[in-house]
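A.B. asks: Sharing a structure here in structure tokens format.
Please treat every number below as a calculation from the coordinates, not as lab data. Bear in mind the structure is a predicted one, so any value in this text is a computation, not a measurement. FYI the Cβ positions are ideal-geometry reconstructions off the backbone, even for glycines, and counts take in every protein chain you see.
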Amino acid sequence: MLVSVAVFLAAAPFAKLPLAQIVAFIPIYESALVINDLITAVLLFGQFGILRSRALLVLACGYLLTAFMAVGHALTFPGLFSATGLLGAGPQSTAWLYMFWHGGFPLFVIAYALLKGGAHDVPGTSSRERAATGMAVGSSVAAVVVAVCGFALLATAGQNALPPIMQGNQYTPAMIAVVSSVWALSLLALAVLWRRRPHSVLDLWLMVVMCAWIFDIALSAVLNAGRFDLGFYAGRIYGLLAASFVLIVLLLENNALYARLAETHENERRKSAELMAANKDLDAFSHSVAHDLRSPLRAVDGYARMLEDAYAGGMDAEGRRLLGVVRASSQLMGRLIDALLDFARLGRQPLRTRPVELDDLVNQVIDELRAGCAGRSIEFAVGRLGTAVADPALLKQVLANLLGNAIKFTRDRNPGVVEVGRRKEPEAGTASVYYVKDNGAGFDMRHSEKLFGVFQRLHRAEEYEGTGVGLSIVQRVITRHGGRVWADSRPGEGATFYFTLESGS
């Protein structure tokens, strides 16, 4: 930056020094400018696609504007492609396009500074979010193209409505007022950037760009006398440097991000390998423990039953009660071991997803559960569920747990009411929200964090039987499908369990 200031101060006194007319300088300079600005705009649009920041979208549009305006400026430059320039240009067209160009970019920088750090969309990867991002980029590009065409039309067909600022290759007195306004916009953009803290790396480099932009306008339109003097050439070199600064920073930042991503990927790969090895060891351990525990538990239960059968007549009521406690406890321990193994198997079982007709699957589960509802009055209400993309076996396990819980906790209701349905929520994207609702015992939402924990129970075992693993299995299955599970309830008013799954075609 200090070097740039020193060069500007050294060149400023000689800005009006006439130099040779090198017509080829304009296409060479502006071709490089267009390439730089287009690459910068594409990188910024890419950053917007990741971060969903409106500030980055606006800045990308600013760089896109400068690229397109540079093309129009080159096409209308007198003596380059034709004596008066293309696009129906006149003697004022090129100069006015330069003013629109150099006055427009600072406005985008000001908008960027005012928008940065504000609320922006949360990054997302769903098809709807990607479509919204693509639509935002497409509409922004279209708006920039329309704006550039409007400026070009005004500077060519409508040039007679604008005050003349060029007389041949020299400036008219009206040029002072016009270029001062454009220059003031660049100073304002620099001031707004400076005041909007905290400053990111991009902000700091944009400040450098705006300083170079100010030097560009000063040398090529304020301190010089006209075209093809020292200020004309030096100012445009400043403009090219300004276009290159942010591009270089973005490329370096992208390289740094890629290096960090590669390092993170390697760390995750190493951790995944370690986790797979640990899971294999844990799997072998769990099977070994389950086998070693089952044998003595079966022995305890078997000998207790034999003792009860053989010596029941010689025991008093307390002895028979104690034997019953021993048998019940050993059987409960066996069920807990089985439930824990079922939970552990979910992590190893591969997902085999396909479109599943939920209406049929829910009715099948209800028919299987009715056998345990003998003598009870239960009303099932099943809405139109449609198709979901899931592993049928695992999804059946989810429904069996949720419906089984609903049946169990409506034990004290006559009739018990169990409702299964589907609804769409905007925040769920392309996924559907399914729910299982009952009018049973319910629970206190203050303890809802325990719902999906292994062996966590919100009711006493004396009230409702169970191992406390069912909801843990539900959460694990739905999470593996990319969905989520939550619940809503009040004590004595029933409970509703929700889960999300991608809808089928």
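A.B. asks: Pop out the ³J(HN,Hα) list for region 29-39 in order, Karplus 6.51 cos²θ - 1.76 cosθ + 1.60 with θ = phi - 60°, rounded to Hz; leave Gly and Pro as x.
C.D. replies: Per residue, the Karplus-derived 3J(HN,Hα) values read 4, 6, 5, 4, 5, 4, 4, 4, 5, 5, 5 Hz.
A.B. asks: Sticking with this structure for a sec: Using r as the Cβ-Cβ distance of Asp360 and Glu274, and R0 as 25 Å, what FRET efficiency do you calculate, to the nearest 0.05?
C.D. replies: 0.05
A.B. asks: Starting from the Cα-Cα distance between Ile176 and Leu17, subtract it from 0.36 nm times their residue separation and give me the gain in nm to one decimal.
C.D. replies: 55.4 nm
A.B. asks: On to the next question. Rounded, prolate or oblate for region 147-216? Axes are the square roots of the Cα gyration tensor eigenvalues, ordered a ≥ b ≥ c, and the cut-off for rounded is a/c under 1.5.
C.D. replies: prolate
A.B. asks: Points 7 angstrom from Cα along the Cβ direction at Tyr303 and Leu188: gap in nanometres?
C.D. replies: Placing both labels 7 Å beyond Cα along the Cβ direction yields 9.3 nm.
A.B. asks: How far apart, in nm, are the 7 Å Cα→Cβ label points at Ser295 and Ala131?
C.D. replies: The modelled label-to-label distance comes out at 6.0 nm.
A.B. asks: Please work out how much length the chain gains when fully extended from Leu257 to Arg384, using 0.36 nm per residue of separation minus the C-alpha to C-alpha distance, in nm with one decimal.
C.D. replies: Separation in residues times 0.36 nm, less the Cα-Cα distance, equals 41.1 nm.
A.B. asks: Classify region 74-220: rounded, prolate or oblate, from the alpha-carbon gyration tensor (a ≥ b ≥ c, eigenvalue square roots; a/c under 1.5 rounded; otherwise prolate if a/b is larger than b/c)?
C.D. replies: Oblate, since a/c reaches 1.5 and b/c is not below a/b.
A.B. asks: Quick one: which residues, 5+ away or cross-chain, put their amide H under 5 Å from the amide H of Gln167? H built at 1.01 Å from N.
C.D. replies: Residues meeting the criterion, in which the H sits 1.01 Å from N, are Thr172.
A.B. asks: In nm, to one decimal, how far is the Val201 label point from the Ile39 one, both placed 7 Å along Cα→Cβ?
C.D. replies: A separation of 1.7 nm, rounded to one decimal place.
A.B. asks: If r is the Cβ-Cβ distance from Arg321 to Ala374 and R0 is 22 Å, what FRET efficiency results, to the nearest 0.05?
C.D. replies: It comes to 0.20.
A.B. asks: A 27 angstrom limit on the alpha carbon distance is what I want to check against. Which of Lys396/Lys424; Lys271/Lys396; Lys280/Lys437 exceed it?
C.D. replies: Over 27 Å apart, Cα to Cα: Lys271/Lys396; Lys280/Lys437.
A.B. asks: Using 0.36 nm per residue of separation minus the Cα-Cα distance, give me the extension gain between Ala83 and Gln331 in nm, one decimal.
C.D. replies: 79.3 nm
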